[in-house]
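Participant: Attaching a single structure in structure tokens format; questions to follow.
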Amino acid sequence: MTNAIEIQSVSRAYGGSKALDGVSLSVPEGSILGLLGRNGAGKTTFMSLVAGQDRPSSGYVEVFGERPYEHESVLSQVIFVRDNQRYPDRYDLKDVLRIAPVYAPNWSTEVAAELIDGLRIPDRTPIKKFSRGQLSAVAIVLGLASRAPVTLLDEPYLGLDVTARRFFHDVLLRDYTAHPRTIVLSTHLVEESEALFDRVVILDHGRVRLDVASEEIPEQAFVLSGPSEAVDRLASNRVVLASHTVPGLTSATILGAPDTGLRSEAGRRGAQVSSVSLQELVAAFGADVVEPALLEGARA
Amino acid sequence: MSAIVSAVKLHLNRRRQVFLVPLWIAGVVGVISVVIALIFWRGGSQPGTAEWIQSSRSNPGIIYALGGFLVYLGVSSVGTAYPFALMLGSTRRAFAIGTLAWQALIAAYVAVVFLVLELIEVATHHWFVGFYAFDIYVLGAGDPWRLLVIVFLGVFTFLAIGAVFAGSWVRFGVRGPQLLALGLVVVIGLGIAIVVPGLGAIVAAFQLWWLAVAAGVVIVLASLGTWLFLRSAVIR
């Protein structure tokens, strides 16, 4: 399978702080990548580099084998609507719908109309007066109706109600199936979105902490819970990503897969071993418990 | 080329602001001029007299009124349209060239509109009652070719100045326009200090075409500046 996006050893620094630090990853063509991590993890910077809106300080980014920065034919195949996207003064929805097809050769008027209707976007109110959810809805219209071969959706759910989020999922999956493309979606609503992802990348402090296919997520870590003393003993010599303790009881998210010996010893000590959810994994990688160097191997 | 055309279309997409607001402002200035003329009329001035024509033609209100809006339009054409254009997939180069082409287009549009209004004004003997809104000194005193050049270069200059200040803001944040303004004040101040000893001779030798050259220089420098700011501007 060819890669739509290829990133090699990319760092991006703003002043003294590094938004991305030596990131290497690839996104296969025709897949949906979940880009996860805490605020400030580097997700938007990653998308900005892919969309040619920024240049890496070092390393390189390729989209369909070309560097996107100032590359007209590549940029015509990419759309990236920021969560804080700015619109021209006095723009309303009709202005957006009039100009977007000029830039997007695959623009679907039907998808746009369906989303506008389903997300209940007002067409006469200036965009400047839109609520947070309505701004997200406009971003979704632009992102999906453009049918860009590389679609970057940055926190598309912000402010959306539950009905709108479900509607967005339905349209996304249906249109993606009919018109396959490469989608990168960043979100904090991990549980709601994880069914969409073919692959998941977790960023933290500008580094890739996890880069695996969705079906490999359960093998990346497990949760050990039970009496604190038992959990502490069983977790010793293992990489604990995060732990929560209430008096007498501890729950620890541990890197790697549990072996048979651990399972039987946990049973003897009254502790439970359970599989980790993607949300627990994202929270654990962002917990600042483990030295980043210990996590570099968490990739498949 | 198509990317540049797309950038022009992006700017033209704000139809009301781009096409109607200049007309609206010109109309408001016309109405205000008429009201002022009425006051003078009621005060004893007689339409058609040499004094009336002289004072009516000296009214530069259209420049002040339209100038402010055009600088704003230039600012917003970069300040808010640039991030939006990049989101849609424009290159910086296409956006900068498209913005320049759009500025020229709008300057030509306003020039033609003003020419038509001036021709109507002259043909109707100044709106049938001796009111002067476009047949004024600052717009060439009735010379249609001069009006075309003045309005075209004037509008182009205002838009280009607005764009370069917005470009500095996009590139450097709030410090950009501040430093650019400071730099301009220093450069213009030094320029005046250099030429002031010979100012009398310069004024005596002044030719109107100098202003056209000055406008051309401002447009070129502002457009180059806009490009230099935008080519490395990062959207965050």
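Participant: Would you confirm whether or not region B:190-199 contains a residue that is closer than 26 Å to B:L66 by Cβ and more than 14 Å from every other protein chain (Cβ to nearest Cβ)?
Facilitator: The answer is no; no qualifying residue exists.
Participant: Next up: Looking at B:A3, is it under 18 Å from the mean Cα position of the chain (by Cα), under 30 Å from B:F84 (Cα atoms) and surrounded by 15 or more Cβ atoms within 10 Å (Cβ to Cβ)?
Facilitator: No: the conditions fail for B:A3.
Participant: Further, regarding this structure: Over 20 Å from B:F95 (Cβ atoms), without any contact (Cβ under 8 Å) to a residue 12 or more places away in the chain and either of a type outside the set (D, E) or surrounded by fewer than 21 Cβ atoms within 10 Å (Cβ to Cβ) (or both) - does that describe any residue in region A:91-114?
Facilitator: Yes, the conditions are met somewhere in region A:91-114.
Participant: Would you mind listing the helices (runs of 4 or more DSSP H) fully within region B:38-144 where at least 1 residues are modelled with pLDDT of 90 or more and either basic (K, R) or surrounded by 15 or more Cβ atoms within 10 Å (Cβ to Cβ) (or both)?
Facilitator: In region B:38-144, B:61-79, B:81-88, B:92-123 are the helices (runs of 4 or more DSSP H) which contain 1 or more residues that are modelled with pLDDT of 90 or more and either basic (K, R) or surrounded by 15 or more Cβ atoms within 10 Å (Cβ to Cβ) (or both).
Participant: Taking only pairs six or more apart or across chains, which ones have beta-carbon atoms under 7 Å, a first residue in region A:53-70 that is more than 14 Å from chain B (Cβ to nearest Cβ), and a second residue that is of a type in the set (D, E) and assigned to a strand (DSSP E or B)?
Facilitator: Taking only residues 6 or more apart or on different chains, the pairs are A:E62/A:E6.
Participant: Among A:R90, A:R98, which is the only one that is farther than 30 Å from A:S24 by Cα, within 11 Å of another protein chain (Cβ to nearest Cβ), among the charged types (D, E, K, R) and touching a Lys or Arg at 6+ places or on another chain (Cβ under 7 Å)?
Facilitator: Residue meeting the stated conditions: A:R90.
Participant: Residues of region B:51-106 being within 14 Å of chain A (Cβ to nearest Cβ) and either in contact with a strand residue (DSSP E or B) (Cβ under 8 Å, 6 or more places away or on another chain) or of a type in the set (K, R) (or both), which ones?
Facilitator: B:M87, B:L88, B:G89, B:R92, B:R93
Participant: Scan A:P258, A:P247 and give me the residue that is surrounded by 15 or more Cβ atoms within 10 Å (Cβ to Cβ) and at pLDDT below 90.
Facilitator: A:P258
Participant: Have a look at A:F64, A:F46, A:F80 and point out the one that is surrounded by fewer than 24 Cβ atoms within 10 Å (Cβ to Cβ), among the hydrophobic types (A, V, I, L, M, F, W, C), within 30 Å of A:E216 (Cα to Cα) and within 25 Å of the chain's Cα centre (by Cα).
Facilitator: A:F64
Participant: Tell me which residues, restricted to region B:131-178, are without any contact (Cβ under 8 Å) to a residue 60 or more places away in the chain and of a type in the set (F, W, Y).
Facilitator: B:W145, B:F152, B:F172
Participant: Okay, moving on. Right, B:G48: away from chain A (no Cβ under 14 Å), in contact (Cβ under 8 Å) with a residue 40 or more places away in the chain, on the phi > 0 side of the Ramachandran plot and not β-branched (V, I, T) or not?
Facilitator: Taking the combined requirement at face value, the residue satisfies it.
Participant: A further question follows. I need a count of the residues in region A:113-149 that are away from every other protein chain (no Cβ under 13 Å) and under 24 Å from A:V63 (Cβ atoms).
Facilitator: Total meeting the criteria: 2.
Participant: Just to verify a result, which residue in region A:71-87, among those that are free of Cβ contacts under 8 Å to residues at least 60 places away in the same chain and not in a helix (DSSP H, G or I), is farthest from the other protein chains (Cβ to nearest Cβ)?
Facilitator: A:N84
Participant: Scanning region A:205-219 for residues that are of a type outside the set (A, V, I, L, M, F, W, C) and surrounded by fewer than 23 Cβ atoms within 10 Å (Cβ to Cβ), which turns out farthest from the chain's Cα centre (by Cα)?
Facilitator: A:E219
Participant: Right, something else. Being buried (at least 22 other Cβ atoms within 10 Å of the Cβ) and not in a loop (DSSP other than H, G, I, E, B), is that true of even one residue in region A:25-32?
Facilitator: Yes, there is a match, as at least one residue in region A:25-32 is buried (at least 22 other Cβ atoms within 10 Å of the Cβ) and not in a loop (DSSP other than H, G, I, E, B).
Participant: Further question on the same structure: Go through region B:1-37 and count every residue that is of a type outside the set (A, V, I, L, M, F, W, C), part of a helix (DSSP H, G or I) and within 14 Å of another protein chain (Cβ to nearest Cβ).
Facilitator: 7
Participant: I've got another one for you. Only one of A:V81, A:V61 is at pLDDT 95 or above and on the phi < 0 side of the Ramachandran plot. Can you tell me which?
Facilitator: Result of the check over A:V81, A:V61: A:V61.
The values are calculated or read from the model by the stated rules, or taken from the named source; none is laboratory data. Only a predicted model underlies this, so the values are computations on that prediction, with no experimental measurement involved. No Cβ is skipped: glycine too gets one built from the backbone with ideal geometry, and neighbour counts run over all protein chains shown.
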